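Data first, discussion second: the structure below is written as structure tokens.
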Amino acid sequence: MQEQADSGAETPLRIGVAGLGNVGATLVQIIQRDGEELTRKLGRQIVVTAVCARSRSRDRGIDTSELAWFDDPVALAKSDKIDLFVELIGGEDGPALAAVSAALELGRPVVTANKALLARHGVALTRIAENADTQLGFEAAVAGGIPVIKTLREGLGSARVARVYGIMNGTCNYILSRMGTEGISFADCLADAQKLGYAEADPTFDVQGFDTAHKLAILSSLCFGCEIAPDEIFVEGITTISQADIKVADDLGYKIKLLGIAQRNADGIEQRVHPTMVPKASSIAGVDGVMNAVALETDHVAQLLLAGPGAGGPPTASSVLSDILDIARGTHVPPLGVPSEELTPYRQASMRAHEGGYYIRLNVRDVPGAFASIASCMGAAGISLESVIQRPDLRVTEPGLAGTDTRTVVLLTHSTLEQQVRDALAQIEGDGFTAGTPQMIRIEQF
């Protein structure tokens with residue numbers, strides 16, 4: 001097995017970095033710039049000795065002249081020039097998986113920021129690390145610079161987490177924040193986010209909620225001691241959020257946030273990602289822009305909120321470095337909080353059994369009997385309405401509905417089961433008194 005990285009304080013810890021994008025280049029820069037300070041704190045030198053990236057000629061603002069260069073990340077992971085392997089390539093399979101697996105099988109510690117890799121293969125990689133008696137660090141994989149992984153693995157003692165929720169995607173939070181403060185459309189906010197580098201050219205992974213789902217799957221495993229289950233998450237994105245939704249939420253004292261929420265119920269674990277109306281007075285509502293936040297509700301602490309920058313070179317590189325420092329100090333904890341053999345199989349709680357208040361927006365045809373039919377469907381499903389809102393300024397015209405004579409109507413329900421809401425909306429659509437797709441946003445009283 002590879003000699004462990006904490007074999008002697010006088011021996012430098014040699015780092016190999018695969019992937020020199022924004023995060024990787026920033027990490028190398030920090031280690032090169034702050035080397036003396038890091039040595040003073042640790043009593044041991046940390047040096048980057050080897051790197052791997054697609055292009056050798058690209059100017060990354062760092063000095064690579066004295067570093068060993070690898071074109072193959074697997075070769076770097078296996079090289080005797082390094083003691084610790086940092087994977088910043090990305091992707092749930094391919095070179096990232098092969099390189100991380102190769103390093104761990106040698107007993108070489110690994111640090112990664114790759115949420116997709118961990119969501120898909122985290123349990124298997126954890127078992128490889130445990131069998132080789134080495135470490136797997138992934139603080140940077142969830143919420144960028146926020147130390148939520150370390151908090152869950154080391155900071156809560158015997159506290160049991162009942163629920164975890166948060167804003168885990170800066171792109172979506174930026175878009176929803178600007179829609180709320182500037183009154184502009186989703187499409188315009190997204191275009192600006194792309195210009196500023198907050199959103200990818202293809203933003204689907206972010207705005208459809210899949211990025212948040214990967215992060216939530218990892219957090220659920222750490223919170224509840226279960227296997228990671230990225231395919232057992234209810235996911236909705238933010239692409240259907242309109243200014244009408246933003247305005248009504250504001251009038252009622254709410255903000256709309258894309259949240260990842262996981263909680264333990266009597267029949268299993270409920271994982272969901274969707275737009276959520278949260279009270280303006282709640283702590284999570286105050287997290288705007290590209291910031292992230294993760295809230296933990298435990299039996300020892302009613303609520304612990306961790307907030308900070310969720311993406312970008314310096315915050316993410318800082319989290320990568322924190323894992324490197326822990327390994328240099330000899331910290332050795334199970335990657336998923338408990339030994340992998342103690343992880344319980346994931347048991348999914350039904351999303352349709354979720355109970356709470358609901359915001360429903362309908363395009364109602366301007367014909368006799370429409371409102372009576374809607375009210376009848378709601379009553380038949382056992383749904384009690386808190387309020388019905390109809391204002392001319394809330395008119396929403398969906399694609400394909402131009403020229404249709406409709407009124408935009410908003411219904412707010414008292415606490416009810418999601419299955420009842422879905423049943424009622426199916427009946428309403430079937431009766432033909434509405435046009436387009438109903439909008440449904442869950443309300444959470446955090």
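The values are calculated or read from the model by the stated rules, or taken from the named source; none is laboratory data. Keep in mind that this is a model prediction, so the values were computed, not measured. Neighbour counts are summed over all protein chains in view; Cβ atoms, including those assigned to glycine, are modelled from backbone coordinates with ideal geometry.
Contact list please: Cβ distance under 8 Å, first residue in the range 425-437 and in contact (Cβ under 8 Å) with a residue 24 or more places away in the chain, second residue of a type in the set (S, T, Y) and assigned to a loop (DSSP other than H, G, I, E, B), pairs at least six apart or on different chains.
A435/T404; T437/T240
Can you pull out the residues in the range 19-68 that are among the β-branched types (V, I, T) and touching a residue at least 60 places away in the same chain (Cβ under 8 Å)?
V23, T26, I30, I31, I46 - these are the residues of the range 19-68 that are among the β-branched types (V, I, T) and touching a residue at least 60 places away in the same chain (Cβ under 8 Å).
Among the residues of the range 320-331, is any touching a helix residue (DSSP H, G or I) at 6+ places or on another chain (Cβ under 7 Å) and not assigned by TED's automatic domain parsing to the domain that holds T134?
No, the conditions are met nowhere in the range 320-331.
Mind listing just one residue for me: the one in the range 250-259 that is of a type in the set (A, V, I, L, M, F, W, C) and at pLDDT 95 or above and, of those, farthest from Q271 (Cα to Cα)?
I256
Select from the range 186-209 the residues that are among the hydrophobic types (A, V, I, L, M, F, W, C) and part of a loop (DSSP other than H, G, I, E, B) and list them in ascending order.
L196, A199, A201
Out of the range 266-281, which residues are surrounded by 15 or more Cβ atoms within 10 Å (Cβ to Cβ) and either over 25 Å from L190 (Cα atoms) or acidic (D, E) (or both)?
Hits for the range 266-281 are G268, I269, E270, Q271.
Could you look through the range 306-325, keep only residues that are aliphatic (A, V, I, L, M) and in a helix (DSSP H, G or I), and pick out the one that is farthest from I15 (Cα to Cα)?
Looking at the filtered set, the residue picked out is A317.
Residue-by-condition table, conditions (1) surrounded by fewer than 22 Cβ atoms within 10 Å (Cβ to Cβ); (2) closer than 19 Å to Y198 by Cβ; (3) of a type outside the set (S, T, N, Q):
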residue: S283; (1), (2), (3): yes, no, no
residue: G286; (1), (2), (3): yes, no, yes
residue: N292; (1), (2), (3): no, yes, no
residue: E297; (1), (2), (3): yes, no, yes
residue: A307; (1), (2), (3): yes, yes, yes
residue: G313; (1), (2), (3): yes, yes, yes
residue: S319; (1), (2), (3): no, yes, no
residue: A328; (1), (2), (3): no, no, yes
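Which residue is modelled with the highest pLDDT, if the candidates are limited to the range 167-185 and must be within 17 Å of G308 (Cα to Cα) and small (G, A, S)?
Ranking the candidates gives S177 first.
Of all residues in the range 292-305, which are in a strand (DSSP E or B) and either within 30 Å of L42 (Cβ to Cβ) or touching a Ser or Thr at 6+ places or on another chain (Cβ under 8 Å) (or both)?
N292, A293, V294, A295, L296, L304, L305
Counting only residues that are farther than 21 Å from V235 by Cα and either touching an Asp or Glu at 6+ places or on another chain (Cβ under 8 Å) or assigned to a loop (DSSP other than H, G, I, E, B) (or both), how many does the range 252-286 have?
Of the residues in the range 252-286, 7 are farther than 21 Å from V235 by Cα and either touching an Asp or Glu at 6+ places or on another chain (Cβ under 8 Å) or assigned to a loop (DSSP other than H, G, I, E, B) (or both).
Restricting to the range 253-293, name every residue that is out of contact with any Lys or Arg (no Cβ under 6 Å at 6 or more places or on another chain) and among the polar types (S, T, N, Q).
Correct list: N265, Q271, S282, S283, N292.
Does S242 count as under 14 Å from L343 (Cα atoms), among the polar types (S, T, N, Q) and buried (at least 18 other Cβ atoms within 10 Å of the Cβ)?
no
Any idea which of (1) assigned to a loop (DSSP other than H, G, I, E, B); (2) at pLDDT below 95; (3) surrounded by fewer than 17 Cβ atoms within 10 Å (Cβ to Cβ) is the one D133 doesn't satisfy?
The one condition D133 does not meet is (2).
When you scan the range 403-417, how many residues do you find that are modelled with pLDDT of 90 or more and either at positive phi or crowded, with 16+ Cβ neighbours inside 10 Å (or both)?
Residues that pass the stated criteria total 7.
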